[in-house]
Amino acid sequence: MERPLSETMLWDSFRSGNEDAFVRLFHLYSDPLFYYGCTITADRELIKDSIQELLCDLWERRQECPAVQKLKAFLFTGLRRIILRRLQANRRYLAREDEDAFATQTGEYPVGDESIEAAIIRQETSELSRQRLRTAIGNLPARQREAIHLRYYQGMSYEEMARIMEVKKGTIGRFIVQAIEGLRRAMDQILLFCLLLLTYLLS
Amino acid sequence: MNANKYANYSVQDFLEDDDFRRWVMQSQKEDDDFWADFLIQYPEQKDTMASARTLVEGLSQTTLQDGLNPDEKQEMLTRMQARIRRQNEKPNPLRIRHRRQLYRQPLAIAASILLLILAGWWLLSGPATITVTTAYGQRQSITLPDGSQVELNANSTLEYESNWTATEDRRVWLTGEAFFEVEKKTETGQKFQVITEDLTVEVLGTVFNVNSRHQETEVFLEEGSIRLELEGLEEKLLMEPGEMVAYSEHNKQLPAKKQVQAQLHTSWMDNFLFFENAPLRQILEEVKDIYGVGFEVADTSHYSRTMDTAIPIENLDQAIDAIGKTLNLDIRKLGDTYIVE
C-alpha cells in the first residue's frame, strides 16, 4: 500500500510548512477537486477560486490541521463548504428566489432538448456517447449528480460520501438509485432520438 | 464468484457490485471468462448487463466540464504562491496591526515626513555620486557631464559626481582601466583629474589611458599633455604624447617615462588586447583581470615563454583558444579554472 503511505507523508510535510509539499499536493489533487467542484456548480472560475482558497487556508492554518486518513475526502469536504458559501453569497447578491434550494446552488447546466439535438448533430459519433452522458449527468438534480460523481468517478465509499455531503448513508443510497434511474431514462431518450434522426437521414 | 447471484440483477445492482465494476474497469482475463460463462447461462441478462457496463465505463470517465489545462493550473499555483509568500512575511498580522494603531502609526508618519524632507534636501543641494561598474568581459562607454568620453574596460569602476559646475575642477575616481577623451575647457581653465589609489592624472584636454590594476597605475598618453601627481611624492610629472608611466604608491619610486607603441596600451578599445613579446604569466594575468577566471599551469617553465598575440576581450573561449594555439599548449576547463598543460 504505497499510495496511502506517501499521501500521509505528503500531508505531514505540508503541515510542517514545506512549500514543495504544497505544490505537490496541488498537482496531485487539482484535477479531482476541480471535477468534483463541477458537480456542484458550472461556474468554472468559482471552482478555481475555491480550490485556491481551500489550499491557502489550509496552508495558513497548517498548525491546527489534523492528521487525516482520507486526505481526498478531507479536501472534498473543505472544497464543498467553500463553494456552497460562495454560491450562497452570490445568491444573496443576486436576490434570486427558488423553490428548490439546491437547484439554485447548482449553477447552470442549461441543456434543453434543442441544444441536445444541436449537440448531437455537431458531435462525431465517438464523441457522442461521452457528450450525451455528460449532458444527462448535467441534467440530474444537483445532489444526485454529486453523489454519482463521487461514487463512480472518484470511487468513494458510502461512508466517505456521507461525510463529505453531510447526510446519512441511507440518503446517499437513495441519491444513487434515483440518479441511475434518471440517467437510464435520459440515455434511452437520446438513443431513441438518434435512431429517429438516423431513420430520417436514411429515408 | 457465483453466477447464480446475478440471475435477477438490475442495472442498479450491477452498478453497485464491486466485482462487476472491477471487471469493467480493469478487464482481467479470468473475469472475462466468468462473465462470458454467465451470459451463456443467463442470456436474458444481456441487455441489463450491457446498460450497466456502458454506465460504469461512461461514469468513470465522464466529467461535467473539460479539466483544468496546464496554463490554468500554472496561473492558480502562481497566485497561491504569491499569497502564501505574502503571508510568510507577516506571520501574525492581527497582533501587529493592533500595536500599529496605538503606537507605531504616528511614529511611522513622523519618520516618513522626515525621510521626505531629507530626500528633498539631498536632491536640491547634495551632489549625487554616480558609480559605473563593469563586469568581467564587459565594457562600457560613458559620457561625463562636461561631454568628455570614457571607455571603461572590463572589471573596472568609475565614480564621479552627477552635477559638475562651471568653475570647479572635474574629478573622476578610477579602479581598473579606462580610456579618456577629455573636452578642453580653455575659457574657464577647469582641470580634469583622474584619481587612482596611486596617483592623480591632471589634464586640460587630451586622450589617454589609465590602468590601475596590479598594485600600480599605468598611464599612457595618446595626445595632448597631462601632469601626474604621484601619491606620496612631492614631485609632479609632465607627460608627452606616446609616453607611458607606471607608478605604485607602495614603493614610491619616481617612475621612468617610456616611449611605447600606442596600440599595446589602448588595444582593448578595439575589443582585442595586443601583446608583443609578452610572457605567458603577463598574458594570463590580463585574461584573469578581464574575465575573472583562474589558471593553473602545471609546468611553471611555461610562464616565461613569450609570444606576440591578440586576445579578444569579449569572448573568453576565443581568448583561451588564441593562447593555446600560439604557444601550442593544451588548455582544459575545470569549473572556473583553466588547466594549462
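The numbers here are math on the coordinates, done by the rules we state, and not lab data. Here the structure is a predicted model, which is why all the values come from computation and not from measurement. Neighbour counts run over all protein chains shown; Cβ positions are idealised from the backbone, glycine included.
Quick check on the range B:129-264: of the DSSP beta bridges with both residues there, what percent are antiparallel, nearest 5%? Each step should come with its number before you reach the end.
Values: 46 of 50 bridges.
Antiparallel: roughly 90 percent of the beta bridges in the range B:129-264.
How crowded by other chains is A:24-35, given as the mean number of beta carbons from other chains within 10 Å of each beta carbon? Going residue by residue through A:24-35 and averaging, the value is 3.
Other residues with beta-carbon under 10 Å from the beta-carbon of B:TYR9 carry, at +1 per Lys or Arg and -1 per Asp or Glu, a net charge of -2. Could you work out the helix-only [θ] at 222 nm for chain B, with each DSSP H run of four or more residues adding -39,500 (n - 2.57) and the total divided by the number of residues, to the nearest 500 deg cm²/dmol? Calculated mean residue ellipticity at 222 nm is -11000 deg cm²/dmol. Take each residue of peptide B:76-85, count the partner chain Cβ atoms within 10 Å of its Cβ, and average: the result is 5.
DSSP bridge analysis restricted to chain B gives an antiparallel fraction near 90%, rounded to the nearest 5.
Placing R0 at 56 angstrom, the Cβ-Cβ distance between B:ASP71 and B:ASP146 gives a FRET efficiency of 0.55 after rounding to 0.05. Per residue, the average separation of C-alpha pairs within less than 8 Å and at least 6 apart gives chain B a relative contact order of 8 percent. Each part reduced to its alpha carbon centroid, the range B:289-339 and the range B:22-81 end up 67 Å apart.
Each residue in A:CYS56, A:CYS65 was given a count of other beta-carbon atoms within 10 angstrom of its own, and listing them fewest first yields A:CYS65, A:CYS56. If both residues of a DSSP beta bridge must be in the range B:190-341, then about 90% of such bridges are antiparallel.
What lysines could a cross-link reach from A:LYS72, if we take a straight Cα to Cα line under 18 Å and drop same-chain neighbours fewer than 8 places away? Within the straight-line cut-off, A:LYS72 pairs with A:LYS48. Taking a temperature of 25 °C and a viscosity of 0.890 mPa s, what whole-number D in µm²/s does Stokes-Einstein yield for chain B with Rh from Kirkwood over alpha carbon pairs? D, rounded to a whole number, is 87 µm²/s.
Shown here are the Rg and Dmax of the Cα trace of the range B:271-340, at 10.8, 30 Å. Put the Cα centre of the range A:1-56 next to the Cα centre of the range B:154-187 and the gap is 60 Å. The mean number of partner chain beta-carbon atoms within 10 angstrom of a residue's beta-carbon across peptide B:52-62 is 6. In a reduced charge model with +1 at each Lys and Arg Cβ and -1 at each Asp and Glu Cβ, chain B shows a dipole moment near 1760 debye about its Cα centre.
Determine how many Å³ per residue the convex hull of the Cα atoms of the range A:25-87 encloses. Walk me through the intermediate numbers first.
Details: hull volume 5.0 nm³, N = 63.
Output value, Cα hull per residue: 79 Å³.
What translational D, rounded to a whole number of µm²/s, comes out for the range B:159-314 from Stokes-Einstein when the hydrodynamic radius is the Kirkwood one over Cα pairs, at 10 °C and 1.306 mPa s? For the chosen part, D equals 94 µm²/s. Ordered by the number of other Cβ atoms lying within 10 Å of each residue's own Cβ, fewest first, B:SER212, A:SER157 fall into the sequence A:SER157, B:SER212. Cross-link check: pairs B:LYS236/B:LYS257; B:LYS191/B:LYS257; A:LYS169/B:LYS5 evaluated at a Cα-Cα cut-off of 18 Å; pairs beyond the cut-off: B:LYS191/B:LYS257; A:LYS169/B:LYS5.
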